[in-house]
Amino acid sequence: MSYQGKKNIPKITSERLLIKGGRIVNDDQSFYADIYMEDGVIKQIGDNLIVPGGVKTIEADGKMVIPGGIDIHTHLQMPFRGTSTVDDFSQGTKAALAGGTTMIVDHVIPEPGSSLLEAFERWREWADEKACCDYALHVDITHWNDSVRQEVLSLIKEKGVNSFQVYMAFKDLYQLSNSEIYEIFTFLGEHGGIAQVHAENGEIIAEEQARMLEMGITGPEGHVLSRPEELEAEAVFRAVTIASQTNCPLYVTRVMSKSAADIISQARKKGNVVFGEPITASLGTDGTHYWSKNWAKAASFVTSPPLSPDPTTPDYLNTLLASGDLSVVGSAHCTFSVAQKAIGKDDFTQIPEGVNGAEERMSVIWDKAVVTGKMDENMFVAVTSTNAAKILNLYPRKGRIAVGSDSDLVIWDTDAVRTITAKTHHSAAEYNVFEGMELRGAPMLVVCQGKIVLEDGNLHATAGTGRFIPCSPFPDFAYKRVKARKQMAILKAVPRGMYDGPVSEFSPMSRGGTPSASARTSPTKAPVRNLHQSGFTLSGKQTIELQ
Amino acid sequence: MSGTGYQGKKNIPHLTSERLLIKGGRVVNDDQSLYADVYVEDGIIKQVGENLIVPGGVKVIEANGCMVIPGGIDVNTCLHKSYLGTPPVDDFYQGTKAALAGGTTMIIDHVTPQPGYSLLEAFEKWQEAADKKSCCDYSLHVDIPHWHEGVKEELEQLVQEKGINSFQVYMAYKGLFQMPDSQLYEAFSFLKELGAVVLVHAENGDLIAQEQSKILGMGITGPEGHPLSRPEELEAEAVFRAITLGNRVNCPVYITKVMSKSAADTVTSARKKGSVVFGEPITASLATDGSHYWSKNWAKAAAYVTSPPLSPDPTTPDHLHSLLACGDLQVVGSGHCGYSTSQKAIGKDNFTLIPEGTNGVEERMGFVWDKAVAMGKMDENQFVAVTSTNAAKIFNLYPRKGRIAVGSDADIVIWDPDKIKTITTKAQQSALEYNIFEGMECRGGPVYVVSQGRIVFEEGKLQVQQGTGRFISRKPFPDIAYQRIKYLSVYKTIVSRGMYDGPVYDIPATPKYITPAPSAKTSPNTHQPPPIRNLHQSNFSLSGAQIDDNIPRRSGHRIVAPPGGRSNITSLG
């Protein structure tokens, strides 16, 4: 697990590659330079490089060369009630590569009550076998006790996981109480983890779901009706509060609505360490499709929090992304076949949740934010790649084109136009939530681990070549500020003399529990009022003290 | 029972047959000010206007151009709330005296039943105590300490028979009064059906409990631990959540004790989005701040302990006044709950045991005048609105209370905007040893106070009689809160679509999400009949030519499909 540590897969990355005449775009600047790569690492950057003979050369013709995308949120091969998502690690990472994403971060979801470490190992096994690009893992905390605490610690210290998700929704399944979340955040804050949160008020959702079903609403529109956006905003607000109380960096996964995004921007303006992650679907489409007459189509949009029925949402989220109030874009790629979705054909609460988006992620942002003039190309790199790398503490290995960084990069064709359709996408899902959208901007060439994996529209990915990239705790991006705050926030008691005045007689019960039913009879019991006329006189000094 | 009829009186001799003429004053209501005389008879305003024709022998008060305003209504007092068996030193007598001395002619007190006890019994106990001691008209809020089926019946009875239309729920006090979100949802739904106003004590109790044990663990046991364990964002968070619940249930929400800027801002932004929400700052949050918790004098620091705590940010009062002036906050209460120093000292070694409550019933109107009107933030009409009229409207007392008009109760204050008073324990009516406003100068104060048509305060002297206060019953569905609610209750209809008749994935018959085996990895094999793989190569083809046709699907897919079944509903489009 060292920097270039490899698994038992033969190293195929000894290819040498030269990209000539491209414009390198990092998150801070753009410049024209050639790039020479060897052994999967960028070796030289500059003009007129001296390179060995026989090197494969790619002419970029002045096109943008950007760090490969990092999709910080996927659910590939996710088990669900004895089945699993149709895109496994091979299918899913292929879709990612086809869209210009060269690294994914998947969520490990242990069943409540089961071991986090075991689940982590299981996911590692699946991914090692099939992933076509580098990957890392988030681990979701689905229950909380002392043994989970130990497991989290060993995941941070030994396993290379630095981000953990908690759920505020999914009552009676994953949902944790405020006090548990407080404890988890405190713990993560101490050990340098990033607290991710699925923010929706599960209590109210449960009530609303019951109400919808009672009203006879069983179709996918019930999903969005029972999860209105203010429940998302409310939970985000609460998560921000808990995080700021515990001084732990917070990462809100799946920002789906305007009001949730607004809460994050406000919190950031107040100085909280909060990151917001809109997903491809919330940036590219909206929740009006839940009312589609085609059940299968409506069901394919079901995800939580739901897409907002407000059609101005994508535009608004793209604006906040451009202004830096939202930090990073994931895809939350989690695909189920129509037959799997149909588990909930008579009850929307049973529809497995998830939308596609790994392949479309970068193009959607380019089309909706950069082409419309909201965002510049450097910011594009920041939100698709660099910020994710910084949050995961992988920067500058990932997320930057620089000497010594991994050679994961993309030649981006700003003028290419693709029409998204389920017929040509790389996912195994029958429906694509972006069906029919025309997107400008697409990868022309993708280099992953120093090898060309996408060229002229042809994908040459090999399952099992993806490496697990361990993430170390205390990423500077989040923790520099947190550390400073810790020192500021030391609370002090006021040294004052012992209070030695009279103490009212009271029943030594737990707080508030009156011993007798009648409180009215107690005045006779304790002669409180007489104490005023006793020798106790503090009020004499008082006026002086005020001056 | 008393208080049912409009002028229903108790067995106390009727003293209100006095006739009173207020001459030469400027009558200020919440909508306009005009020079007019006011004639009062039998506790009711009979005439308002110039050159009134009145019977002879009427007592005449010369207002000399001073303002004549509707008596204040203090919507938040706790004059009978015992703490660990000891009642507050300001009972209904002491407390209403203080109220009248400050220009407040009606209070609404909180009935706080202990968890597990009957709401009705508690209500009756409160009513009995108040009937015996109160010097001014009063009404009662009932707090709901916990939610269960039995409470519903009592609530219905309170609303329909007892004249109560406001109930408080708590989001704080974990393990005691606190309700989880799902109970709050039910309580809101039920109270909305009854047409009641939901009062919310908004603080995140879970986090407070955590913070309290953390702070006690750090060795902080003094009153400064109180604000440290209840930072203002916990208040703002709970306010946000309460409003969310209110919006969901479509129920008006009234936030009691808005103590911090961020909580007030949350109320403001919700109102801008159209939520039906009301915010109530209290005297303490409008006039002083939480820096005193760090006082070296324990007894002084403890006097400030209330929940949510006063914000240590000294700019808070100013901000709250601005919001009050522009209408984003509506009502000023006092949160008056007086415990003596020796009662506060129950928590001398542990701040979590300090009984909570500050004074403010007497100073309430004075400080709003001093800090908002005299500073030019607010006009006199808005002053009347926030100290009296809005409260009367929200709690359905208007126009009987909260307005000077023919037919309204003769609760009238003659207000001198230039009167200057220094607040001090020595001059106050309350029985407390500490006044948290000690030493502050306050412009504006009552010259005369008329309650139920009688002069009870004249030239600095109180003339009150215990037990003259009447219980004022209130009807549900106050217009100011419920008119909008009625229009908001429209819901989207169901989409009518053909039945989905495509293939359905076969799942084990377990409740949602619960995978049957601990290991999901092995489950495809253990829980599915083994020869499934062939089904993939069967004639089932969903989307025709898929580019991934060459990729083998994983085992575990069992598609229950009609043979050759491709329904049009699953086709792309």
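The values are calculated or read from the model by the stated rules, or taken from the named source; none is laboratory data. Given the structure is predicted, the values throughout are model-derived calculations rather than measurements. Please note: Cβ atoms are built from the backbone with ideal geometry, for glycine as well, and neighbour counts cover all protein chains shown.
Would you list the helices (runs of 4 or more DSSP H) that sit entirely within segment A:326-389 and hold 2 or more residues that are within 30 Å of A:S405 (Cβ to Cβ) and in contact with a helix residue (DSSP H, G or I) (Cβ under 8 Å, 6 or more places away or on another chain)? Talk me through it step by step, then tell me what you get.
Details: elements: A:338-341, A:361-365, A:377-381.
Correct list: A:361-365, A:377-381.
With at the interface with chain A (Cβ under 9 Å from one of its Cβ atoms) and in contact (Cβ under 8 Å) with a residue 60 or more places away in the chain as the only criterion, which of B:Y293, B:Y254 stands out? First the steps, then the outcome.
Details: B:Y254 fails: at the interface with chain A (Cβ under 9 Å from one of its Cβ atoms).
On inspection, the qualifying residue turns out to be B:Y293.
Considering only segment B:217-249, state which residues are among the basic types (K, R), over 18 Å from the mean Cα position of the chain (by Cα) and within 10 Å of another protein chain (Cβ to nearest Cβ).
B:R248, the sole residue that qualifies.
Within segment B:287-315, work out how many residues are closer than 22 Å to B:D265 by Cβ and not acidic (D, E).
Going through segment B:287-315 one residue at a time, the tally reaches 13.
A:T419 is checked against (1) within 30 Å of A:K341 (Cα to Cα); (2) buried (at least 22 other Cβ atoms within 10 Å of the Cβ) and fails just one. What number does that condition carry?
Result: A:T419 fails condition (2) only.
Just give me the residues in segment B:454-490 being hydroxyl-bearing (S, T, Y) and either in a loop (DSSP other than H, G, I, E, B) or buried (at least 18 other Cβ atoms within 10 Å of the Cβ) (or both), in sequence order.
Result: B:T468, B:S473, B:Y482, B:S489.
Go through segment A:178-235 and tell me which helices (runs of 4 or more DSSP H), entirely inside it, have 1 or more residues that are within 27 Å of B:E211 (Cβ to Cβ), more than 7 Å from every other protein chain (Cβ to nearest Cβ) and acidic (D, E).
Details: elements: A:178-191, A:202-214, A:221-226.
By residue number, A:178-191.
If B:K214 passes every condition in (1) closer than 22 Å to B:P281 by Cβ; (2) within 12 Å of chain A (Cβ to nearest Cβ); (3) of a type outside the set (F, W, Y); (4) surrounded by fewer than 23 Cβ atoms within 10 Å (Cβ to Cβ) but one, which one does it miss?
(1)
Any idea which residue in segment A:491-502 is surrounded by the most Cβ atoms within 10 Å (Cβ to Cβ), counting only those that are closer than 15 Å to B:P223 by Cβ and within 7 Å of another protein chain (Cβ to nearest Cβ)?
Looking at residues that are closer than 15 Å to B:P223 by Cβ and within 7 Å of another protein chain (Cβ to nearest Cβ), I get A:Y499.
May I ask you to list the residues in segment A:306-351 that are more than 23 Å from A:A429 (Cβ to Cβ), crowded, with 24+ Cβ neighbours inside 10 Å and polar (S, T, N, Q)?
Across segment A:306-351, the qualifying residues are A:N318, A:S327.
Across segment B:61-77, what is the total count of residues that are at pLDDT 95 or above and not in a strand (DSSP E or B)?
1
Could you look through segment B:44-91, keep only residues that are among the hydroxyl-bearing types (S, T, Y) and in contact (Cβ under 8 Å) with a residue 24 or more places away in the chain, and pick out the one that is nearest to B:M106 (Cα to Cα)? Don't jump to the end; show me each part of the working.
In the first step, residues of segment B:44-91 are kept if they are among the hydroxyl-bearing types (S, T, Y); the result is B:77, B:82-83, B:86.
From the residues that got through so far, the ones that are in contact (Cβ under 8 Å) with a residue 24 or more places away in the chain too are B:77, B:83, B:86.
On the way: B:T77: 11, B:Y83: 24, B:T86: 25 Å.
Restricting to residues being among the hydroxyl-bearing types (S, T, Y) and in contact (Cβ under 8 Å) with a residue 24 or more places away in the chain, the top hit is B:T77.
Identify the single condition in (1) within 13 Å of chain A (Cβ to nearest Cβ); (2) at negative phi that B:P309 does not satisfy, given that it satisfies every other one.
Failed condition: (1).
Here is a list of conditions, (1) touching a residue at least 24 places away in the same chain (Cβ under 8 Å); (2) assigned to a loop (DSSP other than H, G, I, E, B); (3) over 18 Å from B:I414 (Cβ atoms), and B:E362 meets all of them except one; can you say which number that is?
Exception for B:E362: condition (3).
Going by the structure shown, is B:G439 away from every other protein chain (no Cβ under 14 Å), more than 30 Å from A:F348 (Cα to Cα) and at pLDDT 80 or above?
So B:G439 fails the test.
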